[in-house]
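One structure coming up, written as structure tokens, with questions to follow.
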Ligand code: AMP
């Protein structure tokens, strides 16, 4: 088929707002593709070439630009072939060779084809609405249910991979895309709930678990062979030998586990995220950090057991199997309840031990690989600190003339003075900007080009998501996603939170 037909269908799909019409256009095109063309075209219309990144950036594309051809001549297979060739260019002179290949392709493309290809290579088609309707289009073209197609696409690593088998053989063609040992599947993701009450309201009786702040891992085991995959499905087996050992010792022959690994301090509290992540650095670091920062896995799901995928089983059944297998010290702390008071208590327990919050999971839900659904909900406590404003920077753009970005400090009772934890201009209304500009200028003690420094007098309540270990500030800690909740005129600087409190919250001090 001519590539121009793909481009034209894509144009017509963008031109209508009606979802049904879009699906029909897409299905019409998909039905006419040869099996060979299916994977390529589904990838194009989902916004990425099937070759992935092919090493051409904006500059190369600009330098390769060509006058357009009058008539469409390029076949879908021609484009795929050229992209594969570009992707395989390596070594000296690669940049020039890629440019030549790209130029030659663009010179044979019509204007709309050139625009499509440029968008594709720049990754600009990615957000295209087409991605969302692709499953529906495939369902219509093949007569197979969208949920079966979604499941196979997730397990196979994307809709393009399954397109050929689906369009050729229908549902029977999808059987081969089941979960397989040593082929990582996309991890199931979580939605969010504002509170425990909201989570229980949404899910009813829930399987509650501590939410650890470590690294997501999926571990595949067959007999003595073990492989560990990261959240991005990279093989990280070499980074965590102690996890490999622990899994090798488990009683089951074949299994796939899902969990979080992190490093605990001597009192069993979690180390801050960045400290745990040092273990995933260079090989050299792994060797030297193995004893200093041992990692503990906490399993929370089981996807495969003794030769069978169990991802379609309900969470309660998968967890029951997991319970039989793992040592209590490597299992996520859990509680199944529909009772709000019990759930609140469970959350408080998690926060007291220094964890991020809890997850609430639907006991009836299957494992939805790659999906961020409502079957898993994370409940994080929004945390706040009352901090002293140490300085404010002059605003830009719409905020010119106003003191905007605030420097935030916690009281340092040990060294005296204030420990800087970050800056924020988020959460400030126009009224607050006007008020603070006026008030700050009254307590100015110095200024430079960017900022006005203040007597440490004014306290604000700052919400944040996380405390990070950071070398940006002398304090060694920084707030992540800090935002102003409100000013606290009722508090003096002497009543603001101390750096010691911040260290305790970060799990650095007990
Ligand atoms: P977020 O990254 O904030 O969307 O939260 C989801 C992540 O929390 C998952 O990808 C896991 O890495 C992590 N996590 C920690 N504890 C759990 C748990 N008990 N169940 C599922 N995910 C968890």
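A short reminder: the numbers here are calculations on the coordinates, not readings from a lab. Keep in mind that this is a model prediction, so the values were computed, not measured. A quick note on method: Cβ atoms are made from the backbone with ideal geometry, for glycine too, and the neighbour counts reach across all protein chains shown.
So if I average 1/r over every pair of distinct C-alpha atoms in the stretch 333-373 and take the inverse, what Kirkwood radius in Å does that give?
11.8 Å
Return P(r) of the stretch 55-155 (all Cα-Cα pairs; 10 Å bins starting at 0; whole %; ordered from short to long distances).
Using 10 Å bins, I get a P(r) of 14, 35, 28, 19, 4 for the stretch 55-155.
Same structure again: Could you work out how far helix 146-156 tilts from the main Cα principal axis of the chain, as a 0 to 90 degree angle to the nearest 10?
Compared with the principal axis, the helix lies near 80 degrees.
A follow-up question, please. I need the per residue convex hull volume for the stretch 204-261, using only the alpha carbons, in cubic angstrom as a whole number.
113 Å³
Also: Per the Cauchy relation, a quarter of the hull surface: what is the mean projected area of the convex hull of the alpha carbons in the stretch 255-387, in nm²?
Computed as one quarter of the Cα hull surface, the answer is 11.0 nm².
I've got another one for you. Angle, helix 159-169 long axis vs. longest principal axis of the chain, Cα atoms, 0 to 90°, nearest 10?
In the chain, helix 159-169 runs at an angle near 40 degrees to the longest axis.
Please report, to one decimal in angstroms, the Kirkwood hydrodynamic radius of the stretch 158-227 built from all distinct Cα-Cα pairs.
After inverting the pairwise mean of 1/r, the radius is 16.3 Å.
May I pose another question? Say each of residue 352 and residue 324 gets a label point 7 Å from the Cα, pointing the same way as Cα to Cβ; how far apart are those two points in nm?
3.4 nm
For the peptides 359-368, 273-282, what is the packing order when you average, over each peptide's residues, the other Cβ atoms within 10 Å and list the highest mean first?
The packing order, highest mean first, is 359-368, 273-282.
While we're looking at this one, here's another question. Report for the chain the percent antiparallel among DSSP-assigned beta bridges with both residues inside it, nearest 5.
That works out to approximately 95 percent antiparallel.
Hey, another quick one. Rounding to the nearest 10 and keeping the result within 0 to 90°, find how far the Cα-based axis of helix 19-31 lies from the longest principal axis of the chain.
It is inclined by approximately 40 degrees.
Determine the distance separating the Cα centre of the stretch 315-331 from the Cα centre of the stretch 484-510; give it in Å without decimals.
Each part reduced to its Cα centre gives a spacing of 39 Å.
What order do you get for 158-169, 388-399 when each peptide is scored by the mean count of other beta carbon atoms within 10 Å, highest first?
Highest mean packing first, the order is 158-169, 388-399.
Turning to a different aspect of this structure: Please state the shape class of the stretch 350-435: rounded when a/c is under 1.5, otherwise prolate if a/b exceeds b/c and oblate if not, all from the C-alpha gyration tensor.
Oblate, since a/c reaches 1.5 and b/c is not below a/b.
What is the ratio of the Cα radius of gyration of the stretch 440-510 to 2.2 N^0.38 Å, with N the residue count, to two decimals?
Dividing the Cα radius of gyration by 2.2 N^0.38 Å gives 1.25.
Let me ask something additional. For the stretch 276-346, evaluate the Debye formula with one uniform point scatterer on each Cα (no solvent term) and list log10 I(q)/I(0) at q = 0.23 Å⁻¹, rounded to two decimals.
Debye output, listed in q order: -0.97.
To continue, here is another question. Say R0 is 51 Å: what FRET efficiency, to the nearest 0.05, do residue 444 and residue 53 get from their beta-carbon distance?
Plugging the Cβ-Cβ distance into 1/(1 + (r/R0)^6) gives 0.50.
Next up: Specify the inter-centroid distance of the stretch 188-241 and the stretch 1-68, based on alpha-carbon positions, in whole Å.
35 Å
Efficiency by 1/(1 + (r/R0)^6): what FRET value for residue 429 and residue 274, r their Cβ-Cβ distance, R0 = 35 Å, to the nearest 0.05?
0.60
For the stretch 299-458, just list the percent of Cα-Cα distances falling in each 10 Å bin from zero outward, please.
Per 10 Å bin, starting at 0, the Cα pair percentages come out as 9, 25, 19, 14, 17, 13, 3, 0.
Evaluate the relative contact order of the chain (contact order divided by residue number), counting alpha-carbon pairs under 8 angstrom at least 6 apart; express in whole percent.
12 percent.
Okay, next question. Answer rounded, prolate or oblate for the chain, using the Cα gyration tensor with square roots of eigenvalues a ≥ b ≥ c: rounded when a/c is under 1.5, else prolate when a/b is larger than b/c, else oblate.
Since a/c reaches 1.5 but b/c is at least a/b, the shape of the chain is classed as oblate.
Run lengths n ≥ 4 of DSSP H only: what is the helix-derived mean residue ellipticity at 222 nm for the chain, with -39500 (n - 2.57) per run over all residues, to the nearest 500?
Rounded to the nearest 500, it is -11000 deg cm²/dmol.
Sticking with this structure for a sec: Given 0.36 nm per residue, what is the gain on full extension from residue 470 to residue 222 after removing their alpha carbon distance, in nm?
Taking 0.36 nm per residue and subtracting the Cα distance, the gain is 85.3 nm.
So, one more: Bins of 10 Å, beginning at zero and ending with the bin holding the largest distance: percent of Cα pairs per bin for the stretch 1-113, please.
For the stretch 1-113, the pair-distance distribution reads 13, 41, 33, 11, 1.
What does the highest-first list of 249-259, 38-48, 427-437 look like by mean Cβ count within 10 Å?
38-48, 249-259, 427-437
What spacing in nm lies between the two simple spin-label points modelled at residue 287 and residue 233, each 7 Å away from Cα in the Cβ direction?
About 3.2 nm separates the two model spin labels.
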